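Please read the structure below before turning to the comments.
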Amino acid sequence: MELREALRRRRMVRRFVPDRPVSADDLDLVLAAMLRAPSAGHTQAVSALVLDLAEDVDHYWQATAGDADSAWLRDLRTAPVLLTLWTSEQAYLDRYAEPDKGWTDRDPGRWSAPYWWVDAGMAGMAVLLAAVDRGLGACFFGVPPGRQDALRDRFGVPADQLSVGVVALGHPDGGGRGSAASRRTTPPGERIRRGHWFGETPVKPS
């Protein structure tokens, strides 16, 4: 699929066809796209814990949602695959303390932005676009802060791993309307600016 077509089709799909699995080939290609995302300093510290067995998916929901119930949860629970995404601040600080970077104080304040999160967002977007390319539906969502330790404990995730979020994968089943269906789309001119934030660059007095 052409990139512009994948971008046009990309949506957060919240409901999936029950009992229709994601093929191993499709899953491998989606994960390969994640590995191709940019990585500051080639740190390569954005990881995925793949839950593609029904039992593991059930355990995910038990750990993160418990007995909670909502239309949103009922829709997402139909996803046969969950990709839990993780990043490590410490891995980036260690990488940039190496001789070719030299930030031996490991001070996060040196960073113009926390690139462990930036790279994780890029990896997540690569996953979403690859899913579209394979004819799959996908939805990115976060793990409630109060449930992240339970998720780590259930699946043996080390404490230094920071929860980025989860991508639900499956074959789309329609419905599950999200914010894009109810909120105004901001015109491009309100988000893309040229030369100066407020219109044209003002002329400085001589």
**Complete:** In a Gaussian network model of the chain with springs linking alpha carbons closer than 10 Å, the residue among Glu55, Glu89, Glu190 that fluctuates most is Glu190
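Residue separation times 0.36 nm, minus the C-alpha to C-alpha distance between Asp149 and Met1: what's the value?
Working: separation 148, 0.36 × 148 = 53.28 nm, distance 3.86 nm.
Result for the pair: 49.4 nm of gain on full extension.
Rounded to two decimal places and with Rh computed the Kirkwood way over Cα pairs, what is Rg over Rh for the chain? Show your work: numbers first, answer last.
Working: Rg = 19.8 Å, Rh = 19.1 Å.
For the chain, the value is 1.04.
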**Asked** With contacts defined as alpha carbon pairs under 8 Å and 6 or more residues apart, what's the relative contact order of segment 43-131 in percent?
**Response** 35 percent
**Request:** Skip the ligands, DNA and RNA, and give the accessible area per residue of segment 18-69 with a 1.4 Å probe, whole Å².
**Result:** 60 Å²
**Request:** Please give the length that would be gained between Asp67 and Ser23 if that part of the chain were fully extended, namely 0.36 nm times their separation in residues minus their C-alpha to C-alpha distance (nm, one decimal).
**Result:** 12.8 nm
**Complete:** Ratio for segment 1-71, C-alpha Rg to 2.2 N^0.38 Å, reads 1.42
**Message:** Considering only protein heavy atoms and a probe of 1.4 Å, how much of the accessible area of the chain is carbon and sulfur, as a whole percent?
**Reply:** 51 percent
**Prompt:** On average over all directions, what projected area in square nanometres does segment 97-148 have, based on the convex hull of its Cα atoms?
**Reply:** 6.0 nm²
**Prompt:** If you build a Gaussian network model of the chain, linking Cα atoms that sit under 10 Å apart, which residue out of Thr78, Thr104, Thr185 swings the most?
**Reply:** Thr185
**Request:** Would you work out the relative contact order for the chain, in percent, from Cα pairs under 8 angstrom that are 6 or more residues apart?
**Result:** 34 percent
**Prompt:** With the chain treated as a Gaussian network of Cα nodes joined by springs under 10 Å, which of Pro38, Pro172, Pro145 yields the largest mean-square fluctuation?
**Reply:** Pro145
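The values are calculated or read from the model by the stated rules, or taken from the named source; none is laboratory data. Since the structure is predicted, the reported quantities are computational estimates derived from the model, not experimental observations. Surface areas here come from the heavy atoms of the whole protein model, side chains and all, with no ligands, DNA or RNA. Shrake-Rupley method; radii C 1.70, N 1.55, O 1.52, S 1.80 Å.
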